[in-house]
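Everything below concerns the one structure shown next.
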Amino acid sequence: MTITTSPPTLDIDPFSDEVLVDPYGFHEQLREAGPVARLSAHDAYAIGRYEQVRNALRDHDAFVSGRGVGLDDFAQEKPWRTPSLLLETDPPKHSTYRAAMGSIVNPRTVRALRTAFTGPAEKLADELVERGRFDAVTDLAEAFPLTVFPQAVGIRPGGHEHLLAYGSIAFNAVGPRNHLLEAALAAAPPTMAWIDDSCARDALDPAGFGAAVWSAADRGDIPVQDAPLLVRSFLSAGIDTTVHALGNTMHALAVHPEAWAAVHAEPGRVRFAFDEALRWEAPVQTFCRTTVTDVEIDGSVIPADAKVLLSYGAANRDPRRWGPTAHRFELDRSSGGHLAFGMGIHQCVGQPIARLEAELILGALARRAARIELDGDPVPKLNNALLGWSSLPVRVVSA
Ligand code: OVM
């Protein structure tokens, strides 16, 4: 017989401004509270230890996504948008859309983008090093994905400013209806309309990933009426994520001069810098699942129909998994297994695109700049699920 207990209660609100700006105290309290805790601020449980977050992500039968991956339970509340066919579904439905998406975005199809992405990366790196001082968020982390990604998807010209706005809404929607989500939703209607219009067959360049979704529908891989919604996943998941990933990697390197020197000496190491930065400052800090049965975790029971916050950020710095230096950015660490892209059947399908963008723009900059340093205080960006910066002033010294 297993003795089971109720999880301990944690009184800290993971979606308060203070925690969103500096989540590390919350992470530690969550991990130390136990394998699972109940949040007093929300009708939800939370998991922060690496092994338990990972296990929950892999157990997609008990921890479902179809009731939403934010605090809202779609079985109780109306979703803020038509749910995603990928993010907010479970097998067997999820399997169909995931397979279709996987045939469109995979290491082979992404390899074909290398040439198209290289020119803009080299050009931007030339300009930035020439300038010497720039904002690593607006001038690089936002600028580069916004130059190459809409083109890869085949999004029509004009209105691309809606892409950042849409990501910000979609990720704020992971949290409660706090001031961040209310503000995002209040400004949302024109952005939502532009996004919907951008997913139509006629709006998409025939050479891009978006048109490839329509072709998959024509082949019968997915129902034709679902094509726009599957195209929408590119616009939800493809911009703000890479913007935060590039910004956080630039932050990690700007505050670790020895790591910059190492990637400058050997630019192939930017790929390791990227993964370690994803571990250290995971752009997506949080997604939730919903239990459909009672689930026992190391003697603690989460009841059925509960929302469970999975803290990728806490798991990525769990000393049980990463050792006593978990809180440090270490270029030489084996950061494989970090949870920044998730784990299991929902693991990020766009990973190869993110990795290609990072390798090309960070590599181009690392070859040209011998040194980098902060040129002012980084300004945190507040979002219920994303951790990152709205401004990161840096100075680089040309090689
Ligand atoms: C989607 C999606 C997928 C991954 C992440 C995400 C808001 C959205 O399919 O809409 O973040």
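The values are calculated or read from the model by the stated rules, or taken from the named source; none is laboratory data. Keep in mind that this is a model prediction, so the values were computed, not measured. Positions of Cβ are generated from backbone atoms using ideal geometry, with glycine treated the same way; all protein chains shown enter the neighbour counts. Remember, those area values only see protein heavy atoms, side chains included, never the ligands or the DNA or RNA. Shrake-Rupley method; radii C 1.70, N 1.55, O 1.52, S 1.80 Å.
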* Structure fact -> Expressed per residue, the solvent accessible area of the range 78-173 in Å² (1.4 Å probe) is about 44 Å²
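Within the range 9-398, what whole-number % of the accessible surface is contributed by carbon and sulfur, with the 1.4 Å probe and all protein chains included in the calculation?
52 percent
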* Residues of the range 20-64 with amide nitrogen under 16 Å from the 7 Å Cα-to-Cβ point of Ala304? -> 61-64
* In whole percent, what relative contact order does the chain give with Cα contacts below 8 Å and a gap of six or more residues? -> 27 percent
* Structure fact -> Reduced to Cα centres, the span from the range 156-192 to the range 232-262 in Å works out to 20 Å
* Structure fact -> Under the Karplus relation with 6.51, -1.76 and 1.60 and θ = phi - 60°, whole-Hz ³J(HN,Hα) for the range 317-334, x at Gly and Pro, equal 10, 6, x, 4, 9, 10, x, x, 9, 3, 7, 9, 7, 10, 4, 8, 5, 7
* Intensity falloff of the chain expressed as log10 I(q)/I(0), Debye formula with alpha-carbon point scatterers, at q = 0.09, 0.11 Å⁻¹ -> -0.52, -0.79
* Let me know the whole percent of all Cα-Cα pairs from the range 219-287 that are separated by more than 15 Å. => 63 percent
* Among 177-183, 382-388, the order from most to least packed when residues are scored by Cβ within 10 Å on average -> 382-388, 177-183
